[in-house]
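So the structure is just underneath, and the comments pick up after that.
The values are calculated or read from the model by the stated rules, or taken from the named source; none is laboratory data. Values in this document were obtained by computation on a predicted structure and should not be read as measured data. Backbone-built Cβ (ideal geometry, glycine too); neighbour counts: all protein chains shown.
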Amino acid sequence: MSKKSFSFEFFPPKTDKGIEKLKTVSQELAELNPEFFSVTYGAGGSTQNCTLDTVIDMQKNSGIETAPHLSCIGSSETQIRDILTTYKNSGVKRIVALRGDLPSGMQDIGEFHYANELVAFIRQETGDHFHIEVAAYPEMHPQATNFDTDLQHFVGKIKAGANSAITQYFYNNDAYFRFVDNCAALGIDAPIIPGIMPITNFTQLARFSDATGAEIPRWLRKRLEGYGDDLESIQKLGQDVVTELCTKLIEQGAPGLHFYSMNRTDPSRTICQALDLSSL
Ligand code: FAD
């Protein structure tokens, strides 16, 4: 088994076809022997039941530990307590704890303002039952006003009791390693796992990147844009670039990789196979 941590993220499917497809995808990715799977959670709790159902199905079908994401914005303490109890009773041992974003039109931010408060609440209510992951932003969270304050807020999540972190995706290794160094200088040695977004579709990637503040370097954006509708060339370049990114991350000491699978097998499996995970 690899000494590095490899994991894959999925979103809860909305249709019967999506559920069947995800079953196949998670079984295929389980063959790579990841440390865990994770399943996202809709803003404001909109996919709460879908996340739970997906986590339970996935854990049962794949045999891989599966972590629900849990966002707190818009929720009361009672709601979060009930969800934690359900997860605990369902055998869940790992949670990705987030603030999340209020869906447009929703006014009530609820009883939690930031993710550090959720982490502290999970610890207060459930002790050490859950391994808690939090989000990290090597290129700064899009709503943050400056990098140092954002970094302090990240440190606050670890100090509140998080065990490790998964980053927003990036295509610039320097941003990641500088972030890790800055954390180390502040006494943070919790693993910070790079989030990896395979490139398969430029339009979708550009939309995500605009929303999340994850930068696509100019040279890469121009080359991907230049391919227009030629998906094959986009995928070929994307695969080369992301495989090289992952190789350098691992070579330079990243503790593992967390793949945003987008509920597909091939984009992340191809990269994992090129890295030869079992040898790392
Ligand atoms: P926080 O860590 O609370 O930070 C949010 C902002 O508030 C930052 O700008 C920070 O600097 C600031 N801040 C933090 N603490 C304080 C404080 N104490 N005082 C003042 N300001 C503060 N979204 C979903 O809806 N569902 C998902 O499943 C999901 N999964 C994700 C998984 C990963 C690995 C990542 C990186 C992101 C994910 N997101 C998800 C997106 C995430 O919900 C958004 O980025 C959201 O805007 C911030 O959530 P957070 O937990 O990082 O917030």
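Please give the number of the condition S278 fails out of (1) at pLDDT 95 or above; (2) more than 16 Å from the ligand (Cβ to nearest atom); (3) part of a helix (DSSP H, G or I).
Of (1) at pLDDT 95 or above; (2) more than 16 Å from the ligand (Cβ to nearest atom); (3) part of a helix (DSSP H, G or I), only one is false for S278: (1).
Hey, can you tell me all the residues within the range 78-122 that are of a type in the set (D, E, K, R) and either touching a Gly at 6+ places or on another chain (Cβ under 9 Å) or part of a loop (DSSP other than H, G, I, E, B) (or both)? Explain how you work it out, then say what you get.
As a first pass, look at the range 78-122 and keep what is of a type in the set (D, E, K, R): 81-82, 88, 93-94, 99, 101, 108, 111, 117.
Passing the criteria: K93, R99, D101, D108, E111.
Given the residues E133, E125, which is the only one that is of a type in the set (D, E, K, R), over 18 Å from the mean Cα position of the chain (by Cα) and not in a loop (DSSP other than H, G, I, E, B)?
Step by step, each of E133, E125 is checked, and only E125 is of a type in the set (D, E, K, R), over 18 Å from the mean Cα position of the chain (by Cα) and not in a loop (DSSP other than H, G, I, E, B).
Name the pairs whose Cβ atoms lie under 8 Å apart, with the first residue in the range 137-161 and more than 15 Å from Y114 (Cα to Cα), the second in a helix (DSSP H, G or I) and within 6 Å of the ligand (Cβ to nearest atom), and 6 or more positions between them or separate chains?
M140/D150
Counting only residues that are at pLDDT 95 or above and surrounded by fewer than 23 Cβ atoms within 10 Å (Cβ to Cβ), which one in the range 34-52 is farthest from the chain's Cα centre (by Cα)?
Taking the candidates together, the pick is E35.
Considering only residues that are aliphatic (A, V, I, L, M) and near the ligand (Cβ under 10 Å from one of its atoms), look in the range 163-176 and name the one that is nearest to the chain's Cα centre (by Cα). Spell out the reasoning first.
Keep residues of the range 163-176 that are aliphatic (A, V, I, L, M), which gives 165-166, 175.
In the following step, the residues that additionally are near the ligand (Cβ under 10 Å from one of its atoms) were identified as 165-166.
Numbers: A165: 9, I166: 6 Å.
Only one residue fits best here, namely I166.
Restricting the range 92-107 to residues that are out of contact with any helix residue (DSSP H, G or I) (no Cβ under 7 Å at 6 or more places or on another chain) and either near the ligand (Cβ under 10 Å from one of its atoms) or not charged (D, E, K, R) (or both), which is nearest to V39 (Cα to Cα)?
Let us first name the residues in the range 92-107 that are out of contact with any helix residue (DSSP H, G or I) (no Cβ under 7 Å at 6 or more places or on another chain), namely 93-94, 96, 104-105, 107.
Among the residues that remain, those that are also either near the ligand (Cβ under 10 Å from one of its atoms) or not charged (D, E, K, R) (or both) are: 96, 104-105, 107.
Working: V96: 9, S104: 22, G105: 25, Q107: 26 Å.
Per the stated criteria, the residue is V96.
Scan the range 1-30 for residues that are assigned to a loop (DSSP other than H, G, I, E, B) and touching a residue at least 12 places away in the same chain (Cβ under 8 Å) and report the count.
Step one: of the range 1-30, the residues assigned to a loop (DSSP other than H, G, I, E, B) are 1-4, 11-15.
Narrowing further to those that are touching a residue at least 12 places away in the same chain (Cβ under 8 Å): 1-4, 11-14.
Final tally of qualifying residues: 8.
Based on what the data block shows, is F121 buried (at least 22 other Cβ atoms within 10 Å of the Cβ), on the phi < 0 side of the Ramachandran plot and not charged (D, E, K, R)?
On the way: buried (at least 22 other Cβ atoms within 10 Å of the Cβ): no; on the phi < 0 side of the Ramachandran plot: yes; not charged (D, E, K, R): yes.
Criteria not met by F121.
Return the residue satisfying two criteria in turn: it lies in the range 137-158 and is of a type in the set (D, E, K, R) and not in a loop (DSSP other than H, G, I, E, B), and of such residues it is farthest from the ligand (Cβ to nearest atom).
Kept after step one, since they are of a type in the set (D, E, K, R), are these residues of the range 137-158: 139, 148, 150, 157.
Among the residues that remain, those that are also not in a loop (DSSP other than H, G, I, E, B) are: 148, 150, 157.
Values: D148: 10, D150: 4, K157: 6 Å.
Applying the filter and picking the extreme gives D148.
Looking only at residues that are out of contact with any helix residue (DSSP H, G or I) (no Cβ under 6 Å at 6 or more places or on another chain) and within 7 Å of the ligand (Cβ to nearest atom) in the range 114-136, which one is farthest from T66 (Cα to Cα)?
Only one residue tops the list, namely Y114.
Would you check which residues across the range 210-230 are part of a helix (DSSP H, G or I) and at pLDDT 95 or above and list them?
First pass over the range 210-230, keeping only residues part of a helix (DSSP H, G or I): 210-212, 218-226.
The answer is R218, W219, L220, R221, K222, R223, L224, E225, G226.
Can you report the number of residues in the range 178-190 which are more than 15 Å from M140 (Cβ to Cβ) and either in contact with a His (Cβ under 9 Å, 6 or more places away or on another chain) or buried (at least 16 other Cβ atoms within 10 Å of the Cβ) (or both)?
Start the filter on the range 178-190 by keeping residues that are more than 15 Å from M140 (Cβ to Cβ), which leaves 181, 184-190.
Now restrict to residues that are either in contact with a His (Cβ under 9 Å, 6 or more places away or on another chain) or buried (at least 16 other Cβ atoms within 10 Å of the Cβ) (or both): 188, 190.
Residues flagged as more than 15 Å from M140 (Cβ to Cβ) and either in contact with a His (Cβ under 9 Å, 6 or more places away or on another chain) or buried (at least 16 other Cβ atoms within 10 Å of the Cβ) (or both) within the range 178-190 amount to 2.
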